[in-house]
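A.B. asks: Sharing a structure below in structure tokens format, with a few things to ask.
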Number of protein chains: 2
Amino acid sequence: MTRNINLFFILLQASFIHATTAIPKVVIAIHGGTADHEEISPLLEKEILDGLATSLKAGYQILKNKGGSLAAVEAAVKVLENNPLFNAGKGAVFTEEGKNEMDASIMEGRTKKAGAVASTTIIKNPISAARAVMEKTRHVLLVGNGADQFAKDNGLEIVDPKYFYTERRWKEWQKSKQKKNQNKQSGLPTPWNRHFSLGTTGAVALDPLGNLAAATSTGGLTNKMHGRVGDSPLIGAGTYADNETAAISCTGVGEYFIRFGVAHEITALMKYKGYDVAKASDTLIQETLKPLKVEGAAIVLDAKGNLAFSYFAEGLPRGYVTDDGVLHLLIFEKETTQSLR
Amino acid sequence: MTRNINLFFILLQASFIHATTAIPKVVIAIHGGTADHEEISPLLEKEILDGLATSLKAGYQILKNKGGSLAAVEAAVKVLENNPLFNAGKGAVFTEEGKNEMDASIMEGRTKKAGAVASTTIIKNPISAARAVMEKTRHVLLVGNGADQFAKDNGLEIVDPKYFYTERRWKEWQKSKQKKNQNKQSGLPTPWNRHFSLGTTGAVALDPLGNLAAATSTGGLTNKMHGRVGDSPLIGAGTYADNETAAISCTGVGEYFIRFGVAHEITALMKYKGYDVAKASDTLIQETLKPLKVEGAAIVLDAKGNLAFSYFAEGLPRGYVTDDGVLHLLIFEKETTQSLR
């Protein structure tokens, strides 16, 4: 585990607490879904890095002010949801029917409480709805109309479904449909084209009280069927948090993350085999999913501040910040795991 | 692990293969949700045992004819869905809005392929829809209108939502609402009343090729919120199957099963700690959930035919049959685990 030399170091215009202990007091890390070189122009790269920075700043601000990890991951993901570049909230991809259906979940490591929404259509920030499910209901997961209705009843910001329209995602959807039709005519199977679904978002954080939290939000896969739910809103698949092990947020072809219970399996490897965050995440992403050619990633943070980004893809827009307040942002570096400590 | 002496032995009027090897060639086991003494009259007890027998016969028939475990668990659960006594399909409980919303999932241990539907309203047999999602789509989970639409498009039996009305469940719902209102007026919190939700259904099976499968189907919790999804349709929470470890179907207050990733955690304990089916299931049900006063159960079957029923409740309607064709059916026996071998 070596820290990668190609990290982008961007110093924020703000004062930061500098770590004096070996264990970071606060850590927040985020991801914005896997990415390929060909789809990231230099301009887009800059915009993505800016978006990641804004997200991390929002989460870090909360931690710096002794806020909780739960509030920090919600704030960080909310910023990504509001950014049309990422496949969550505003930038959600289109379903087979040309609509937007969003999924999100959040979990806190101290209590293992969790909340999630899936297949929502009018909630501006699904991650905040997920938190509200956790805090205001006896349930963990609300879906479809029920989730939308709950959000309305609980004062969450409601938008017209048109809010989620972005030209870029619409064009991607058209292209994806075209490709599907071509394949149909030529008798070829239609593999998931992850290229058209760039940008599931997620965050993990450790707060000054030593509590972990994780959050994930997505628009899912381009051209997914109406009602399809992936791993992002499923506790144990795309999201998990347990102070005893780690906070985890995943991205990738969700169906495989569900079948392998990726987030929960990472915690099992840590708990029962003594693996560290890097070895546990690599076991899933590099040793289990890569041989199946399943692109994806997991970001994993333990309660001592050890952090791993494991991904199988050309790149993973990601970043982190710890006590020293230095933002670390990057997109590419093939199949490596960077440990923060 | 001793076989309980109070088992009900019921011999079917049919010829059965008798086991000659130490390892059973086929096993099928089912459950019908947790139960209390006070809610099971002698008449209801007999009806429940009859319902379990019919379900096991359907599944066993398939295995005896060298059918697969996937088909066997589907057939067994389908029988329970069609029986108004169980909280799945026909006998589903009512939501807060007085409607029925059903969840189901199925998984095969050889491929770890899985399918699920949640919050469906017009599918007569949600378990068959779950299997169709697994076999006919690239997805694992479809919810709400999307799941209903998929079932329509794929020739599954569609019924009017009125089909799911049963007087017993309607009365339970009225009682549950009344209790909630009383508690509201007196300022008391409203705990989940599991009594009103008797009967989530599930099955696990091992076929002559050594393949495991698991299936779970439910109407969820009485008075649940519109759109609430519990553990039953969530792979890793209420259902899991992996030939390397076990096939598992759970029942109980789903929210806890989701947060603890119960089904997947059982496989992790087997894989990484070497626990057998009984110790792994007891670790979750007796050592994790019982101290939290969370009623529930897991039935766990490994590829060698070892079977455990672990439950924290007064009873668990359940049964199994193996090579010798003897049906074992029972409802009560407090907090014990019976091992088949």
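A.B. asks: Considering the options B:Q174, B:G210, B:V27, tell which one lies farthest towards the positive end of the dipole of chain B, charges being +1 on Lys and Arg and -1 on Asp and Glu at the Cβ, about the Cα centre.
C.D. replies: Comparing the listed Cα positions along the dipole, B:Q174 ranks first.
A.B. asks: Quick one: pull the percentage of alpha-carbon pairs in the range B:27-151 with a separation above 23 Å.
C.D. replies: In whole percent, the long-distance tail amounts to 36.
A.B. asks: Continuing with this model, one more query. Angle check, please: helix B:167-186 long axis (alpha carbons) against the longest principal axis of chain B (alpha carbons), in degrees 0 to 90, nearest 10.
C.D. replies: So the inclination is approximately 60 degrees.
A.B. asks: I've got another one for you. Report, to the nearest 10°, how far helix B:69-82 tilts away from the longest principal axis of the Cα atoms in chain B, using its own Cα long axis and a range of 0 to 90°.
C.D. replies: The helix B:69-82 is inclined about 40 degrees to chain B.
A.B. asks: Pop out the ³J(HN,Hα) list for the range B:290-302 in order, Karplus 6.51 cos²θ - 1.76 cosθ + 1.60 with θ = phi - 60°, rounded to Hz; leave Gly and Pro as x.
C.D. replies: Computed from phi, the couplings for the range B:290-302 are 4, x, 8, 6, 9, 6, x, 7, 9, 10, 9, 10, 9 Hz.
A.B. asks: Right, another one. How big is the Kirkwood radius of the range A:2-339, worked out from every pair of different alpha carbons and given in Å to one decimal?
C.D. replies: 19.3
A.B. asks: Can you figure out the FRET efficiency of B:E167 with B:E135, using R₀ = 45 Å and their beta-carbon distance, to the nearest 0.05?
C.D. replies: Efficiency for this residue pair is about 0.80.
A.B. asks: Here is a follow-up. I'd like the trypsin sites (Lys or Arg not before Pro) in the range A:20-69 restricted to DSSP loop residues with at most 12 other Cβ atoms within 10 Å, sorted by number.
C.D. replies: Within the range A:20-69, the qualifying trypsin sites (Lys or Arg not before Pro) (loop, at most 12 other Cβ atoms within 10 Å) are A:K66.
A.B. asks: Out of the range B:262-297, which trypsin sites (Lys or Arg not before Pro) are coil in DSSP terms and have no more than 13 other C-beta atoms within 10 Å?
C.D. replies: Passing sites in the range B:262-297 are B:K293.
A.B. asks: Could I ask something else about it? Nearest 20 debye, what's the magnitude of the dipole of chain B about its Cα centre given +1 on Lys and Arg Cβ and -1 on Asp and Glu Cβ?
C.D. replies: On the way: 39 positive and 36 negative charges, 65 e Å.
For this selection, approximately 320 debye.
A.B. asks: Under 5 Å between amide hydrogens, which residues at least 5 positions from A:S119 or on another chain qualify, with H placed 1.01 Å from N in the peptide plane?
C.D. replies: When sequence neighbours closer than 5 places are left aside, the close amide H contacts are A:M102, A:D103, A:G144.
A.B. asks: With viscosity set to 1.002 mPa s and temperature to 20 °C, compute the Stokes-Einstein D of the protein assembly as shown, Rh being the Kirkwood radius across alpha carbon pairs; µm²/s, no decimals. Mind showing how you got there, number by number?
C.D. replies: Details: Rh = 24.9 Å.
Taking Rh from Cα pairs, D becomes 86 µm²/s.
A.B. asks: Follow-up. Which angle between 0 and 90 degrees, to the nearest 10, do you get for helix A:144-153 versus the longest principal axis of chain A when only C-alpha atoms count?
C.D. replies: Relative to chain A, helix A:144-153 is tipped by roughly 60 degrees.
A.B. asks: Same structure again: Volume per residue, Å³, of the convex hull around the alpha-carbon atoms of the range A:93-252?
C.D. replies: Spread over its residues, the Cα hull of the range A:93-252 gives 113 Å³ apiece.
A.B. asks: Give me Rg over Rh for the range B:216-274, both radii from the alpha carbons and Rh done the Kirkwood way, two decimal places.
C.D. replies: Numbers: Rg = 12.2 Å, Rh = 11.7 Å.
Rg/Rh: 1.04.
A.B. asks: If I take R0 = 51 Å and measure r between the Cβ atoms of A:E157 and B:K273 in this structure, what FRET efficiency does the formula 1/(1 + (r/R0)^6) give, to the nearest 0.05?
C.D. replies: 0.65
A.B. asks: Still on this structure, please answer the following. Hey, got the dipole for the protein assembly as shown? About the Cα centre, +1 on K and R Cβ, -1 on D and E Cβ, debye to the nearest 20?
C.D. replies: The dipole of the protein assembly as shown has a size of about 380 debye.
A.B. asks: Another question about this same structure. For the range B:275-336, what is the largest minus smallest coordinate of the Cα atoms on each principal axis, given in angstrom and ordered from greatest to least?
C.D. replies: 39, 25, 12
A.B. asks: Using only atoms on other chains, find how many Cβ atoms lie within 10 Å of each Cβ of peptide A:260-272 and report the average.
C.D. replies: Per residue, the average neighbour count from other chains is 5.
A.B. asks: Tell me which trypsin sites (Lys or Arg not before Pro) from the range A:74-108 have a DSSP coil assignment and no more than 14 other beta carbons within 10 Å of their own.
C.D. replies: A:K99
A.B. asks: How much accessible surface area, in Å² rounded to 10, belongs to the heavy atoms of A:E39 with a 1.4 Å probe?
C.D. replies: 40
The values are calculated or read from the model by the stated rules, or taken from the named source; none is laboratory data. All of these numbers come straight from a predicted model, not from anything done at the bench. All Cβ positions, glycine included, derive from the backbone under ideal geometry; neighbour counts span all protein chains shown. Ligands, DNA and RNA are stripped out before the accessible areas are found, and what is left, the full protein with its side chains, is counted by its heavy atoms. Shrake-Rupley method; radii C 1.70, N 1.55, O 1.52, S 1.80 Å.
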